[in-house]
Amino acid sequence: MALGLQRDNATVKAKHSSPKSPQSPPQSLPLARLLWHTAQAVAAVRAGRSLTDALARCPSEARAGTQALSFLVMRRMGSAQAALQLMASKSPPPNVDALLITALALLWPMQDPPYPDHTLVDQAVQAANQRIAASASFINAVLRRFLRERDAMVLAASRDPQGAYNHQPWWIERVRRDWPQQWQAIMAADGEQAPMVLRVNARRGTAQAYADRLAERGIQAHPVGVWAPQALVLARAVPVGQLPGFDEGEVSVQDTAAQLAAPLLLGDGLAAGARVLDACSAPGGKTAHLLELADLDLLALDSDATRLVRVQETLNRLGLKARLLVADARETAQWWDGEPFDAILLDAPCSGSGIVRRHPDARWLRRPSDISALAHTQAGLLQALWPLLKPGGRMVYATCSVFKTEGQEQSDAFLQRQSDARSLDLAAVTGHLLPLPENRQSDSALVRASPNWATDGFFYAVLSKLH
């Protein structure tokens, strides 16, 4: 996400430049206050709570700026921790630790630092004086030492895997095992800012026509092409309030990889009124995309009633209709009416290891046991939903993960168990998509016709049910 932060003094203008940011006027805040809120968000993540929850507790006027800085800190937290361990003989108290981690991450060498070094140190010390005065001199000493010895500290931190790659060691090893040729590039990509990608409502216009409208407003955007015909990649993230027709349902925010789900499920087309199940529908982007492309009798399930409200809000904005039901998709006896579905989309719960650019706290929150538990849930969903599919019907199994346990291995195991299932392999579309520019390299004309930008990490399997 774009920082949108003023860098020449101690006041930040929290411009709502992320697609997730609320639409409200910019607010000017003292940097010391913003650093403290960011440190509180960092402390929450280090205590095992999500950044989303932490930001929800942040005062509204500070939320956008805190999110921007928190994203930067999450991407460099392993490096900052490694450097702090070199300078502190024992772990500081949580609030002190979080403020130091925040400041060190923001002082880490980067191409476009958000603030001058002296401003950041001064404001971090001021934040400490206001909240944890007894530790202010210690914080000042640590930060000034880091600046004096920064080159040596960065080199020393890079000798620790977590400091070098900014992921937990078990995560690094899993990616290295699954992707021995690409693992370092994947680690590096996770530290980058994700592009803002739009999906133009196919019922309302084309990607090129919408790109032209954006250009009239000084917003650069490039259609992806036939690989994802409704997708536009913005040169720079903007608030959704600046997107013409957003409130009227002309466009949505959705990564290119996620825009493959609906076309994969629809295939060569479903008859009008076809029964379709979106088994894990929240927050509703793929649900809406299906309805933008076809007239369907669509049932959208989610086990979380709060998240299902977001699906309804999305459909309302786009002028689309579906039946929504709060249910655990695995408990089919509780919700299924006994009539088979023509197609099923199973966008299964997963680690989110493919969308770390957009959720940089995920790499610090997940545990190895989470992956085995999620794989068990994914297998259970596949097994429970397959009998609900008509012979000749199609199921798309999707996860936003680069872990093979949640992708190819899960699909392969299902195919071995299910004699009436076969996989439809589509070059450069099914299988694992890595969050790298070269994730679609092939001789396919479809790929050659599309720009070579990185998508989120995803896995797709298209499963056909034999007659």
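Quick notes on this one:
- Candidates R199, R174 - the one that is part of a helix (DSSP H, G or I), in contact (Cβ under 8 Å) with a residue 60 or more places away in the chain, touching a helix residue (DSSP H, G or I) at 6+ places or on another chain (Cβ under 8 Å) and under 29 Å from H359 (Cα atoms): R174
- Positions within segment 202-218 being free of Cβ contacts under 8 Å to residues at least 60 places away in the same chain and either in the same structural domain as V402 (by TED's automatic domain parsing) or not aliphatic (A, V, I, L, M) (or both), in sequence order: R204, G205, T206, Q208, Y210, D212, R213, E216, R217, G218
- Residue within segment 273-289 that is of a type in the set (D, E) and either within 17 Å of the chain's Cα centre (by Cα) or farther than 18 Å from G393 by Cα (or both) present: no
- Filtered residue count, segment 54-78, keeping only those that are over 15 Å from the mean Cα position of the chain (by Cα) and in a helix (DSSP H, G or I): 15
- Of all residue pairs spaced 6 or more apart or on separate chains, those with beta-carbon atoms under 8 Å, a first member in segment 388-408 that is in the same structural domain as T377 (by TED's automatic domain parsing) and a second member that is surrounded by fewer than 19 Cβ atoms within 10 Å (Cβ to Cβ) and of a type in the set (D, E, K, R) are P391/D420.
- The set of residues in segment 97-112 that are farther than 18 Å from L86 by Cβ and not hydrophobic (A, V, I, L, M, F, W, C) comprises Q111, D112.
- Criterion: more than 23 Å from the chain's Cα centre (by Cα), more than 28 Å from A211 (Cβ to Cβ) and not polar (S, T, N, Q) - qualifying residue of G267, G319, G245, G338: G338
- Restricting attention to segment 181-196 and to residues that are closer than 23 Å to L232 by Cα and in a loop (DSSP other than H, G, I, E, B), the residue that is nearest to the chain's Cα centre (by Cα) turns out to be A194.
- Flag if S18 is part of a loop (DSSP other than H, G, I, E, B), at pLDDT below 95, in the same structural domain as H118 (by TED's automatic domain parsing) and more than 29 Å from D247 (Cβ to Cβ): no
- Test: residue in segment 143-157 that is at pLDDT 95 or above, closer than 30 Å to S353 by Cα and either outside any helix (DSSP H, G or I) or not assigned by TED's automatic domain parsing to the domain that holds Q40 (or both): no
- Selection within segment 127-142 - more than 12 Å from L86 (Cα to Cα) and either of a type in the set (V, I, T) or not in a helix (DSSP H, G or I) (or both): I132, I139
- From A282, A272, residue being assigned to a loop (DSSP other than H, G, I, E, B), of a type in the set (G, A, S) and farther than 26 Å from G380 by Cβ: A272
- Count - residues of segment 219-236 that are of a type in the set (G, A, S), closer than 24 Å to A64 by Cβ and either assigned by TED's automatic domain parsing to the domain that holds L315 or surrounded by fewer than 22 Cβ atoms within 10 Å (Cβ to Cβ) (or both): 1
- So D278, is it under 30 Å from G338 (Cβ atoms) and at pLDDT 95 or above: yes
- Test for A133: is it aliphatic (A, V, I, L, M), surrounded by fewer than 22 Cβ atoms within 10 Å (Cβ to Cβ) and either at pLDDT 95 or above or within 19 Å of R33 (Cβ to Cβ) (or both): yes
- Residue within segment 179-192 that is touching a residue at least 60 places away in the same chain (Cβ under 8 Å), touching a strand residue (DSSP E or B) at 6+ places or on another chain (Cβ under 6 Å) and within 19 Å of P360 (Cβ to Cβ) present: no
The values are calculated or read from the model by the stated rules, or taken from the named source; none is laboratory data. Owing to the predicted nature of the structure, the values given are computational and were not obtained by experimental measurement. With ideal geometry, Cβ positions are generated from the backbone for all residues, glycine too; neighbour counts draw on all protein chains shown.
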